[in-house]
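One structure is given here, and the rest of the page talks about it.
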Amino acid sequence: MADDITRDDADERVKVSYRPPAERSLQEIVEADKEDKSLRKYKENLLGTAVKEVVVVDSANPNSVLVKGLALVVDGRPDLTLDLSGNLDDLKEKVFVVKEGIKYRIRIDFFVQREIVTGLKYVQRILRYGTEVEMITHMVGSYGPKVELQSFTTQPEEMPSGVAARGKYIVKSLFTDDDRNEHLKWEWCFEIQKDLE
């Protein structure tokens with residue numbers, strides 16, 4: 001599909017001189033420099049129980065990142081949440097209504113299991129009437145495996161406002177990393193209105 005979001009789109013839009021480190025297993029990272037007490041303590045704080053045992057949240061899922069949800073966070077309102085653990089095709093039918101000009105943040109909830117994941121990125125391509133109006137890449141960071149749900153929240157942004165901005169938008173989302181793994185790809189919709197009922 002010509003208007004589908006790809007890892008290449010994300011890489012092309014973000015030109016950085018950063019080169020990801022060579023891929024190493026969690027065990028190799030834990031074992032490296034273990035005679036250095038302060039470094040060992042740092043790794044224990046960073047990785048928690050993953051230093052001593054392999055963390056597996058869902059043994060049936062071989063992926064290292066399990067994306068569970070996305071939320072539009074607006075001060076003074078309940079979060080508008082997308083459950084990303086079910087049928088992703090259902091999300092295309094549900095439209096989230098937002099007020100023009102509001103300030104919002106995006107929160108992504110996920111688990112990391114088995115290995116450290118470096119350079120997580122959330123990429124969203126926003127379309128209106130089939131034409132791209134904006135593409136945003138949020139650098140999420142690197143995460144070690146944990147049994148607990150982990151979250152990343154973007155900096156505040158502002159919804160467009162005015163008559164021309166009102167209407168329905170389609171968002172094609174991708175959660176990827178430095179190794180170009182596609183952890184999850186989904187599509188969802190929102191509609192900008194002048195006022196909320």
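Scanning the range 176-185 for residues that are open to solvent by 10 Å² or more (accessible area, probe 1.4 Å) and either in contact with a Lys or Arg (Cβ under 9 Å, 6 or more places away or on another chain) or under 16 Å from Gly69 (Cα atoms) (or both) turns up Asp178, Arg180, Asn181, Glu182, His183, Leu184, Lys185. Can you name the residue in the range 76-86 that is outside any strand (DSSP E or B) and within 20 Å of Val57 (Cβ to Cβ) and, of all such residues, is most open to solvent (accessible area, probe 1.4 Å)? Among residues in the range 76-86 that are outside any strand (DSSP E or B) and within 20 Å of Val57 (Cβ to Cβ), the one most open to solvent (accessible area, probe 1.4 Å) is Ser85.
Which residue is surrounded by the most Cβ atoms within 10 Å (Cβ to Cβ), if the candidates are limited to the range 123-135 and must be more than 13 Å from Pro160 (Cβ to Cβ) and not basic (Lys, Arg)? Checked the range 123-135; the qualifying residue surrounded by the most Cβ atoms within 10 Å (Cβ to Cβ) is Val123.
Criterion first (open to solvent by less than 30 Å² (accessible area, probe 1.4 Å), under 30 Å from Pro62 (Cβ atoms) and among the small types (Gly, Ala, Ser)) does Ser173 satisfy it? Considered against the rule, which asks whether it is open to solvent by less than 30 Å² (accessible area, probe 1.4 Å), under 30 Å from Pro62 (Cβ atoms) and among the small types (Gly, Ala, Ser), Ser173 comes out as yes. Listed conditions (1) part of a strand (DSSP E or B); (2) in contact (Cβ under 8 Å) with a residue 60 or more places away in the chain; (3) more than 24 Å from Pro78 (Cα to Cα) are all met by Asp178, apart from (1). Of all residues in the range 75-103, those that are small (Gly, Ala, Ser) have Cβ atoms under 7 Å from Cβ atoms of residues that are surrounded by 14 or more Cβ atoms within 10 Å (Cβ to Cβ) and at pLDDT 90 or above, 6 or more apart or on another chain, in Ser85/Lys68; Gly101/Met159; Gly101/Ser161.
The values are calculated or read from the model by the stated rules, or taken from the named source; none is laboratory data. Fair warning: this is a prediction, and the values are worked out from it, not measured in the lab. Glycine gets a Cβ as well: all are built from the backbone with ideal geometry, and neighbour counts include every protein chain shown. The area values use the complete protein model at the heavy-atom level, side chains included, leaving out ligands, DNA and RNA. Shrake-Rupley method; radii C 1.70, N 1.55, O 1.52, S 1.80 Å.
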